[in-house]
């Protein structure tokens, strides 16, 4: 797949395959096109060449609302909550296309993120970074996605929250949701990954299981800081 | 006591009337800003359009109201709201949507709305003429004089029928808007889009629908404001246009993009205006004997003359922009 903003390609021939129920982790140096890759999958930028398939169906260049309907959820790295809406309202917006599911999914999301129950009537903008990340992931989960895209979910979080988020990701995956995430904390992320993709200069450099990538001395030397 | 009645008539009632109209107008302006991020200058003339629709309908069927006992104009208001909402959506489709599709800067949209306002004004003038016309075509404007049961009070509290309707309708509109924004799925989606349009889209919210809903609400509210203003005074094609500045002042005082702020801002500007032109001499007169003899009370003790009323919102606007650009409630900094 080739793609980028306008006609400029940031991604130059990326190839990724992820099976349902798997955790895929994209790592790589700054500017490798990790976030761009995620945005391309979610239809936020032009795919100029190649294709993106979801369950065998081509989905590239479909608008986001149709992707949500097809079972894809996206959590951006920044600005991933509605700050003036309450936590509960944020979650409700996630199920905007499936209003009949709100009640059931709210319970499920509160189950994944118990700290949100207490805060449900508070504006999301008043929450701490880690809680906000929970709201953001919860919002995406409300639509019952089969694939959840996470853009650096632990960026800027304290180690305590970081572990908690990785923990939740595992739990969400165990509940049958496929995960594709971009992470800076490569070691921790690859440890929970079924599949890891090391991206550099808009191409995959290494693709393997998370454990194999962690064990690979070449990957360790060039991308994981030794 | 007579002085107090004078104060109630000229400040409390007059201020509430002006404040209500500014508030309803400012809600529309602020909603449009919060969804589309531009200052909609054509809002005042959309108000005029609403009032003009009421005038047309009332002239066409002047006797409808008499049978029920309310002014015909008021019965025609819901229909006019519908027509005005349709106009607002139509204007968006014809003028603003193509601009949005090109991804223009907000200032281009503002200038576009200036064009729309001139066009609307011309069109309305073409059909209505330039003179004033009463919206009370066949009905009589009731004026209520409430005498206070106190000894020595001669002056009654004066309130007119349209003013009572204005207060009631403002209250209903504000409560309805509150319920819509906080309880309904569409209202919450509107707030979500105002907060974060990209994330709203990523949640599957159809932003085109939200834009259309915003125009419907803004248009309907504009029709209410324009009609109630014209009921209180008379219909004139440029009546609402002169309210553009105070309405924007109200929206900015309250914090742009903040509907409750717009309501508060409307009343702040409305009351500031009435208090500024109020003749304070009247209130001071009873204490004349206890004032030092060298202090002669001038017969007109207003802060500004009525003819310079417009400087008040202008001053408030400048003051807010200089000292508190986010407004009373935290709005978006323009």
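Could we say that residue B:158 is more than 30 Å from residue A:139 (Cβ to Cβ) and either assigned to a strand (DSSP E or B) or within 14 Å of another protein chain (Cβ to nearest Cβ) (or both) here? Criteria met by residue B:158.
Selection of segment A:23-34 for residues being buried (at least 18 other Cβ atoms within 10 Å of the Cβ) and either modelled with pLDDT under 80 or at negative phi (or both) yields A:23, A:24, A:25, A:26, A:27, A:32, A:33, A:34. Of all the criteria given as (1) assigned to a helix (DSSP H, G or I); (2) away from every other protein chain (no Cβ under 11 Å); (3) in contact (Cβ under 8 Å) with a residue 40 or more places away in the chain, the one not satisfied by residue B:152 is (1). Select from segment B:288-299 the residues that are surrounded by 10 or more Cβ atoms within 10 Å (Cβ to Cβ) and closer than 19 Å to residue B:275 by Cβ and list them in ascending order. Selection gives B:297 alone. Against the conditions (1) assigned to a loop (DSSP other than H, G, I, E, B); (2) more than 30 Å from residue B:5 (Cβ to Cβ); (3) under 19 Å from the mean Cα position of the chain (by Cα), residue B:135 satisfies every one except (2). The residues of segment A:66-108 that are at negative phi, crowded, with 16+ Cβ neighbours inside 10 Å, more than 9 Å from every other protein chain (Cβ to nearest Cβ) and under 14 Å from the mean Cα position of the chain (by Cα), listed by number, are A:72, A:77.
The helices (runs of 4 or more DSSP H) located wholly in segment B:187-289 that include 3 or more residues which are within 14 Å of another protein chain (Cβ to nearest Cβ) occupy B:197-202, B:207-232, B:259-277.
Yes/no per residue for (1) in contact with a strand residue (DSSP E or B) (Cβ under 9 Å, 6 or more places away or on another chain); (2) free of Cβ contacts under 8 Å to residues at least 12 places away in the same chain; (3) farther than 22 Å from residue A:87 by Cα:
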{"position": "A:122", "(1), (2), (3)": "yes, no, no"}
{"position": "A:136", "(1), (2), (3)": "yes, no, no"}
{"position": "A:143", "(1), (2), (3)": "yes, no, no"}
{"position": "A:146", "(1), (2), (3)": "yes, no, yes"}
{"position": "A:155", "(1), (2), (3)": "no, no, no"}
{"position": "A:167", "(1), (2), (3)": "no, yes, no"}
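The values are calculated or read from the model by the stated rules, or taken from the named source; none is laboratory data. Note that the coordinates shown come from a computational prediction; the quantities given were computed from them, not determined experimentally. Please note: Cβ atoms are built from the backbone with ideal geometry, for glycine as well, and neighbour counts cover all protein chains shown.
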